[in-house]
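See structure below.
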Amino acid sequence: LSNVIGYFIPSGGGKWAVEAPYIIQAGAALGVPHAKTVIAYSYGNDWVNLIQPFWALPFMSVVGLEFRDFVGYTFITWIVIGIIMLLGLTYIPF
């Protein structure tokens, strides 16, 4: 759902303003500290940007690349960072 909202509200702050009420409430219902809920949301939001690298469109137009030229690298980074984020959110105490 967050990614769908991201297409209509591209600003991170505006998107958080829409999603914060139900994300914080869900985290509280699960007994997760607010800080950990916000960090998990932020990580997840940034993590998805590696699998859909629309942030690279200006770079691609300047350099003359296409998605297939670098999307394999972002996919590998997506896997590695996903593992690091999962371990961090699981084992770092809050």
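The values are calculated or read from the model by the stated rules, or taken from the named source; none is laboratory data. This one's a predicted model, so the numbers in the text were calculated from it and none came from an experiment. Cβ coordinates were reconstructed from backbone atoms using ideal geometry, including for glycine residues, and neighbour counts include every protein chain displayed. The area values use the complete protein model at the heavy-atom level, side chains included, leaving out ligands, DNA and RNA. Shrake-Rupley method; radii C 1.70, N 1.55, O 1.52, S 1.80 Å.
Going through region 43-73 one residue at a time, which ones are open to solvent by less than 60 Å² (accessible area, probe 1.4 Å) and under 22 Å from Ser11 (Cα atoms)? Residues satisfying the conditions are Gly44, Asn45, Val48, Leu50, Pro53, Ala56, Met60. The set of residues from region 11-42 being open to solvent by 60 Å² or more (accessible area, probe 1.4 Å), more than 24 Å from Pro93 (Cα to Cα) and small (Gly, Ala, Ser) comprises Ser11, Ala17.
Taking (1) open to solvent by less than 70 Å² (accessible area, probe 1.4 Å); (2) under 18 Å from the mean Cα position of the chain (by Cα) in turn, Ile76 satisfies each apart from (1). Taking the conditions (1) open to solvent by 80 Å² or more (accessible area, probe 1.4 Å); (2) without any contact (Cβ under 8 Å) to a residue 40 or more places away in the chain; (3) of a type outside the set (A, V, I, L, M) in turn, Phe94 satisfies each one other than (2). Taking region 10-94 and the helices (runs of 4 or more DSSP H) fully enclosed by it, the elements with 2 or more residues that are among the charged types (D, E, K, R) are at 12-29, 34-51, 67-91.
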